[in-house]
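Heads up, the thing below is written out as structure tokens.
The values are calculated or read from the model by the stated rules, or taken from the named source; none is laboratory data. Computed from a predicted structure; not experimentally measured. When we count neighbours, we look across all protein chains shown, and the Cβ atoms used for this are built from the backbone with ideal geometry, even at glycine. In case anyone asks, the SASA skips ligands and DNA or RNA and just uses the protein heavy atoms, side chains included. Shrake-Rupley method; radii C 1.70, N 1.55, O 1.52, S 1.80 Å.
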Amino acid sequence: MSSIDFSQALPYLPVLLKATLLTIFLAVVTQAIGTAGGLLLALGRTSRLAPLRGAVWAYVWIFRGTPVLLHLFFVYYAAPMFGVTLSALPAAIIAMSMSSAAYNSEIIRAGLQAVHPGQVEAAQAVGMTYPRIIRRVVLPQATRIVIPPYMSNFISHTKNTSLASVITVPELMLSAQTVYSSTYRAVEILTLAGLIYLALTTVLTVLQMYLERALAHERRGLSASRRRALGLPPRSQGSAR
Amino acid sequence: MSHPMIEVRQLHKHFGEVQALNGIDLAVAPGEVVCLIGPSGSGKSTLLRSINYLERPTSGDILVDGRLVGQVDKPGGRAPMSGRELARIRSNVGMVFQLFYLWPHLCVLENVILGATQVRGMKLAEASRRGRELLDKVGLSQKYDAYPEHLSGGQRQRVAIARALAMDPKVILFDEPTSALDPELVGEVLQTMETVAAEGMTMIVATHEMAFARKVSDRVVFMDQGRIVEQGTPEQVFDHPRHERLKRFLDRVPR
């Protein structure tokens, strides 16, 4: 018990990895819902309709201003009052998606507002409708701007899935606790869990670098596929900037 | 007698206390080139931006090719036009901005054809072929795949002109197209505009380039404080100005 001994902990690695799948599931699903929700909220927040702007502002105010841990308990315990009993995982998905939407909406709003209004006017002037302008002019530019803060938030969010352990979602953190409470190898098990979290967030860090590079069109030049679609000849050697 | 391409009737625009436009009446015939001159803040830009409803007028009517813009006649009076209808009208009214507003995430050719593919539903291959023709015409045949940030101001504005032309508009509005350019780049843009004018495009050009206005326009309109003060042929306006305000303005600007 006194010295660190991973040989006692390693046999539990498969258990931890299995729980990691649930962690990944929870992180990806709630981030995806939170992104879609965040986009809608951000569009609402930048809308011309004052009541809509106010409603979105209030949503963000509440969900960003209270702990995710509280949301988890709240959804879990409040659901029966509305006549539904939620098991832990759906409750966690709802709570974490709602919180994620609040944070993502602010990140996306910053991206939308960073696109110069003149860009939108130019699109209006060629006769594009609002949905097309958002899709073809605003979002492609906003996406590039929001990648760093968005991915930072995704990383925080992934780690925050560990909070779902408190409502008994058997994700990585709860699984680690279960294992070390029976093996008394807390330090080793927590080290393994920590390394797994680090691996997950490393994937996200690498993904961020990839996305930033992939979206830097100006530096990389027109891609081969777009070039082909436009009927332009392949780029000759040495003409790349 | 056919109707004017652009007709503006009793147009007023207030920004809070500021009266940017103060009862403008203007009709532009098909194929006519009209230059708007006047001091900064005289309402030239606001007038142009109102024509395609980038600014919503406080009151007054705008008609493009005989069609009311931004409003529809309903039994109970006027109602705002739907976004889709407004977009359809705008697709026939080209606009060239002082600050270009090219879309930085798209290459030059994509900038030119986005409207054709998104609004007109033109096939990409066809739009691309046409876009390249237009870029050749504005002297940018080497720049199809360049991104806007790699172009000079003059090149960017020529792309913007090609982008407007790609919609086959009935009219093109130029909002001080050379005011943001380095002096040595102004000529290439004016040259391009002259070519467009010579092909019969209806144009309204807000400009401080008096030599261009004199050479290219059919009519020069002098605005001050949100009103049209004087208008006429370039000779009338530049050589025989009648109003004191126009005379003072012409004395101050380089000719």
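Could you identify the single residue in A:Ile145, A:Ile167 that is within 14 Å of chain B (Cβ to nearest Cβ), surrounded by 18 or more Cβ atoms within 10 Å (Cβ to Cβ) and of a type in the set (Val, Ile, Thr)? I'd like the intermediate steps shown before the answer.
Numbers: A:Ile167 fails: within 14 Å of chain B (Cβ to nearest Cβ).
On inspection, the qualifying residue turns out to be A:Ile145.
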Worksheet item: If you scan the range B:135-150, which residues turn out to be open to solvent by 10 Å² or more (accessible area, probe 1.4 Å) and more than 11 Å from chain A (Cβ to nearest Cβ)?
Response: B:Asp136, B:Lys137, B:Gly139, B:Ser141, B:Lys143
Worksheet item: Taking the range B:215-255 as the region of interest, how many residues are part of a strand (DSSP E or B) and among the hydrophobic types (A, V, I, L, M, F, W, C)?
Response: 6
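Restricted to the range B:88-122, and to residues that are among the charged types (D, E, K, R) and under 20 Å from the mean Cα position of the chain (by Cα), which residue is surrounded by the most Cβ atoms within 10 Å (Cβ to Cβ)?
From the range B:88-122, those among the charged types (D, E, K, R) are B:88, B:90, B:110, B:120; that's our starting set.
Applying the additional criterion that residues be under 20 Å from the mean Cα position of the chain (by Cα) yields B:88, B:90.
Details: B:Arg88: 15, B:Arg90: 28.
Checked the range B:88-122; the qualifying residue surrounded by the most Cβ atoms within 10 Å (Cβ to Cβ) is B:Arg90.
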Discussion item. Looking only at the range B:198-214, how many residues end up being in a strand (DSSP E or B) and either more than 15 Å from B:Glu176 (Cβ to Cβ) or open to solvent by 10 Å² or more (accessible area, probe 1.4 Å) (or both)?
Written reply: 1
Fill in: Tabulated pairs, the range B:118-129, first within 7 Å of chain A (Cβ to nearest Cβ), second buried (at least 19 other Cβ atoms within 10 Å of the Cβ) and hydroxyl-bearing (Ser, Thr, Tyr), C-beta under 7 angstrom, 6+ apart or interchain
B:Val119/B:Ser91
Worksheet entry | Residue list for the range B:79-117, filter: of a type in the set (A, V, I, L, M, F, W, C) and either facing chain A (nearest Cβ under 7 Å) or in contact with a His (Cβ under 6 Å, 6 or more places away or on another chain) (or both) | B:Ala87, B:Met95, B:Phe97, B:Leu99, B:Trp103, B:Cys107, B:Leu109, B:Leu114
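Residue-by-condition table, conditions (1) over 25 Å from A:Ala142 (Cβ atoms); (2) under 18 Å from the mean Cα position of the chain (by Cα); (3) not in a loop (DSSP other than H, G, I, E, B):
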{"position": "A:Glu188", "(1), (2), (3)": "yes, no, yes"}
{"position": "A:Thr191", "(1), (2), (3)": "yes, no, yes"}
{"position": "A:Ala199", "(1), (2), (3)": "yes, yes, yes"}
{"position": "A:Val203", "(1), (2), (3)": "no, yes, yes"}
{"position": "A:Arg228", "(1), (2), (3)": "yes, no, yes"}
{"position": "A:Gly231", "(1), (2), (3)": "yes, no, no"}
Worksheet item: Quick check: is even one residue across the range B:33-40 free of Cβ contacts under 8 Å to residues at least 12 places away in the same chain, more than 9 Å from chain A (Cβ to nearest Cβ) and closer than 30 Å to B:Asp182 by Cα?
Response: yes
Practice prompt. Only residues that are in contact with a Leu (Cβ under 9 Å, 6 or more places away or on another chain) and of a type in the set (Ser, Thr, Tyr): list them for the range A:103-128, please.
Written response: A:Ser105
Discussion item. If A:Ser97 satisfies all but one of (1) within 14 Å of another protein chain (Cβ to nearest Cβ); (2) under 23 Å from A:Leu207 (Cβ atoms), what's the number of the condition it fails?
Written reply: (1)
Worksheet entry | Residues satisfying the stated conditions in the range B:128-148, i.e. in a loop (DSSP other than H, G, I, E, B) and closer than 11 Å to B:Glu110 by Cα | B:Tyr144, B:Asp145, B:Ala146, B:Tyr147
Worksheet item: Among the residues of the range A:105-118 satisfying the criterion of being under 23 Å from B:Tyr53 (Cβ atoms) and surrounded by fewer than 18 Cβ atoms within 10 Å (Cβ to Cβ), which is farthest from the other protein chains (Cβ to nearest Cβ)?
Response: A:Gln113
Worksheet item: Which residue, of A:Arg241, A:Arg235, A:Arg219, is open to solvent by 60 Å² or more (accessible area, probe 1.4 Å), closer than 17 Å to A:Gln141 by Cβ, at pLDDT below 90 and facing chain B (nearest Cβ under 10 Å)?
Response: A:Arg219
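Within the range A:66-89, which residues are small (Gly, Ala, Ser) and open to solvent by less than 60 Å² (accessible area, probe 1.4 Å)? First the steps, then the outcome.
Initially, the range A:66-89 is screened for residues small (Gly, Ala, Ser), giving A:78-79, A:83, A:87-88.
Of everything in the range A:66-89, those that are small (Gly, Ala, Ser) and open to solvent by less than 60 Å² (accessible area, probe 1.4 Å) turn out to be A:Ala78, A:Ala79, A:Ala88.
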